[in-house]
Amino acid sequence: TPRNAKGDAQQLIVVGMGKLGGGELNVSSDIDLVFVYPDDGETDGTRSLSNHEYFSRVGRALIATLAEITEDGFVFRVDMRLRPYGDGGPLAVSYEMLENYLITQGREWERYAWIKARALTGAGAGEQAGNLMALVRPFIYRRHLDYSAFASMRELHSQIRREVQRRDRADDIKLGRGGIREIEFIAQVFQLIRGGHDAALRRQPTLEVLSMLPERDLLPAGVVSDLSQA
C-alpha cells in the first residue's frame, strides 16, 4: 500500500479530461486522462517502491488494459498528452508537482483543458478529489473578471483553424468551422471570464453551461437554443 510520511494510505486519482470529463463522449472518441496522487512517500511491504514509481506502474497497467488491441477489439484509445509537461512528463504526478507546474509553467490553453477535469477514481467524490479540484481551481478561474480570456481564445481558435486548413479537414464535425469545438469555446470563454465570481459556472458539461447563459444575460436564449441543437 502506498503511504505518505504520516502513514496515510494513498490512492491514484484518475482525472478524466476533455469529452470524458464533460460526460460528452462521441462515437469513436479517445479518452484524455491525467494520473495524480496526493502525497509522495513509499509503499509498505518487504520490497518498497516510491509512490511515484508505484502509481506510474498502475497507470501503465490501466492504459494497457484500456488501449491494448485484442481479438475482441479495445476499450478506448488513451491520450495522456494533457498531463504536466505532455509526452515528456512523468506519467503520474503528486498534488505538489501538479500545483508547481500550473503556477510556474501552466499555459493559457491548459486552463481550457482543466475546465473539463473530473476525478473518476480514488475516492472520486471524496476528500482527496475535492482537494485536487481546489488546487486546480485558482489556475483555471481568476478572482477578477478575466477579459484576457478573449485574446487567448482568439489565438487558440486561430491555431485550430490553421491546423484544419493545413490538413484539409474543413468538414471535420469536431474541429471544422462551426463544429463542436467552437461551441465548446463559446461556453468556456464565459466560464473563464466569470467563473472566479460565479461558482455555478464551474462545471464540465457544455450544454449545462450554455443553458445558464441566458438567465445571466450573457447570450440570447435563441442563440443558446441553436448552439445546443447543433
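From the list Ser50, Ser56, Ser28, exactly one residue is under 17 Å from Pro84 (Cβ atoms) and either within 19 Å of the chain's Cα centre (by Cα) or not aliphatic (A, V, I, L, M) (or both). Which is it? Walk me through how you get there before you give the answer.
Values: Ser50 fails: under 17 Å from Pro84 (Cβ atoms); Ser28 fails: under 17 Å from Pro84 (Cβ atoms).
Residue meeting the stated conditions: Ser56.
Provide a single number: the residues in the range 2-18 that are on the phi > 0 side of the Ramachandran plot and surrounded by fewer than 20 Cβ atoms within 10 Å (Cβ to Cβ). Break it down into steps so the answer makes sense when it comes.
Going through the range 2-18, the residues on the phi > 0 side of the Ramachandran plot turn out to be 7, 18.
From what is left, the residues that are surrounded by fewer than 20 Cβ atoms within 10 Å (Cβ to Cβ) are 7.
Residues that pass the stated criteria total 1.
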Reported set for the range 202-230 where residues are part of a loop (DSSP other than H, G, I, E, B), surrounded by fewer than 17 Cβ atoms within 10 Å (Cβ to Cβ) and under 24 Å from the mean Cα position of the chain (by Cα) is Arg202, Pro205, Ala230
Any residue at all in the range 145-157 that is of a type in the set (Gly, Ala, Ser), at positive phi, open to solvent by less than 70 Å² (accessible area, probe 1.4 Å) and over 16 Å from the mean Cα position of the chain (by Cα)? no
Among (1) buried (at least 16 other Cβ atoms within 10 Å of the Cβ); (2) over 20 Å from Leu135 (Cα atoms); (3) of a type outside the set (A, V, I, L, M), Gly21 falls short only on (2)
Can you report the number of residues in the range 160-180 which are open to solvent by 60 Å² or more (accessible area, probe 1.4 Å) and either in a helix (DSSP H, G or I) or of a type outside the set (Val, Ile, Thr) (or both)? 12
Number of positions in the range 174-222 that are without any contact (Cβ under 8 Å) to a residue 60 or more places away in the chain and of a type in the set (Phe, Trp, Tyr): 1
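The values are calculated or read from the model by the stated rules, or taken from the named source; none is laboratory data. Everything numeric in this text was worked out from a predicted model, so none of it was measured. Because the Cβ atoms are built from the backbone with ideal geometry, glycine has one as well, and the counts that use them run over all protein chains shown. Note: areas computed on protein heavy atoms with side chains; ligands, DNA, RNA excluded. Shrake-Rupley method; radii C 1.70, N 1.55, O 1.52, S 1.80 Å.
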